[in-house]
1. Taking Rh as the Kirkwood radius computed over C-alpha pairs, what is the Stokes-Einstein D of the range 174-261 at 20 °C in a medium of viscosity 1.002 mPa s, expressed in µm² per second?
2. Cβ under 15 Å from Phe136's Cβ, Phe136 left aside: what net charge do those residues give with Lys, Arg +1 and Asp, Glu -1?
3. What fraction, in whole percent, of alpha-carbon pairs in the range 16-138 exceed 19 Å separation?
4. Which whole-Hz ³J(HN,Hα) couplings does the range 92-102 yield from phi under the Karplus relation 6.51 cos²θ - 1.76 cosθ + 1.60, θ = phi - 60°, glycine and proline marked x?
5. Could you sort the peptides 51-59, 272-280, 110-118 by per-residue average Cβ neighbour count (10 Å cutoff), highest mean leading?
6. Two decimals is fine: what's Rg over Rh for the range 75-165, C-alpha atoms, Kirkwood radius as Rh?
7. Tell me, what HN-Hα J-couplings in whole Hz come from the Karplus equation 6.51 cos²θ - 1.76 cosθ + 1.60 at θ = phi - 60° for each residue of the range 32-37, using x for Gly and Pro?
8. Which entries of Lys67/Lys195; Lys29/Lys195; Lys29/Lys104; Lys29/Lys58 have Cα-Cα distances beyond 19 Å here?
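The values are calculated or read from the model by the stated rules, or taken from the named source; none is laboratory data. Small disclaimer: the values here were computed from a predicted structure and weren't measured. Don't worry about glycine lacking a Cβ; one is built from the backbone with ideal geometry, like all the others, and counts go over all protein chains shown. For the accessible areas, the whole protein counts, side chains as well, though only heavy atoms, and no ligand, DNA or RNA atoms are used. Shrake-Rupley method; radii C 1.70, N 1.55, O 1.52, S 1.80 Å.
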Amino acid sequence: MASPERFSADELTRFASTLLQKAGLDAPKADSVASTLVDGDLLGHDTHGLALLAPYVKELEKGSMTKTGAPQVLSERAAALAWDGRRLPGPWLVHQGIDALIPKARDYGTASLTIHHSHHIACLAAYLLRATQEGFVMVLASSDPAVQSVAPFGGTRAVFTPNPIAAGIPTSGTPFLIDISASVTTNGMSNRLHKAGRQFDEEWLIDGHGNPSRDPAVLAQDPPGTILPLGGLAAGHKGFGLAVLIEALTGGLSGYGRADPPSGWGATVFMSLYDPSAFGGTQDFLRQMDFVADACRTNPPRPGVEQVRMPGDRGMQRRAQQLKEGVALHPTIAPALREAGSSYGLDFPTALSA
């Protein structure tokens with residue numbers, strides 16, 4: 001198999017920002033969205049990085065993504081905030097949210113924000129380094145009330161989205177970057193495999209009658225199939241419980257969710273920052289996390305596993321490698337972005353020499 005083409009991360013970011021500005025997004029928001037999408041690819045989350053750029057541009061062209069302005073503050077207390085995101089770009093809103101929470105978390109030890117009517121927020125892991133570099137633990141969760149693709153455990157009719165949740169945890173070395181979902185796979189991966197005519201390696205879906213399936217095409221059948229909760233057919237009650245928790249944190253605390261009329265592709269968001277110095281102390285926090293990291297990384301691996309990795313280890317390795325050698329885009333991404341750029345007279349970056 002030929003090696004994938006690699007592209008300069010800086011050139012990809014400039015291209016993405018320029019394309020978003022050509023589509024009408026103001027420059028600060030375009031820069032924020034562009035860097036977040038590239039960060040997703042740098043970490044290896046290539047269904048939630050630049051793969052989203054062309055769809056975001058279409059949302060701007062349709063007027064489904066707000067181009068200018070700020071979120072509306074619905075409620076503000078010392079350590080709690082609630083915003084109406086006004087369908088502004090999700091990555092920009094999340095970064096604005098981190099900016100708003102940092103001083104509050106410094107003062108009060110913890111601070112939380114909910115955002116409803118955000119547009120899609122891309123890769124959750126892409127935000128975590130900002131928090132861990134400042135010494136915070138960060139929890140970030142998202143749901144999309146307009147979309148249903150995951151049935152409750154034991155059911156056959158979709159109620160939830162994959163409902164991702166992420167956590168950034170600082171250590172003395174590489175931070176832990178947890179980015180998982182309450183479902184066994186995502187809509188993005190299901191769509192990618194469906195378009196390629198491929199199936200999952202395991203039965204991660206059920207058809208509309210509840211029969212297990214590996215074929216993502218069942219999601220488009222009548223009646224539609226669904227993605228299974230995390231844990232699958234045997235232990236999906238665990239993913240179901242996680243999905244309900246995320247619904248409470250996002251739709252419940254924000255006051256807008258699945259009980260309301262859908263308003264298009266987007267997100268309802270929950271985020272919290274925690275300052276370890278306000279609890280047991282920063283040094284003891286790091287001592288505990290470093291112990292856990294060492295106990296896991298030095299754990300005797302089972303057959304077929306080279307070494308136990310902590311969440312985020314592979315992503316940080318990929319990030320460092322791709323910043324040095326270039327970003328290896330999934331083969332479907334560059335053609336879509338060349339097409340999106342051509343309508344605005346923009347040339348997609350040239351691949352780096354092998």
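1. 150
2. -1
3. Roughly 48 percent, rounded to a whole number.
4. 5, 4, 5, 5, 4, x, 4, 4, 6, 7, 4
5. The densest-packed peptide leads the list: 110-118, 51-59, 272-280.
6. 1.03
7. Values, residue by residue: 5, 5, 4, 5, 5, 5 Hz.
8. Beyond 19 Å between Cα atoms: Lys67/Lys195; Lys29/Lys195; Lys29/Lys104.
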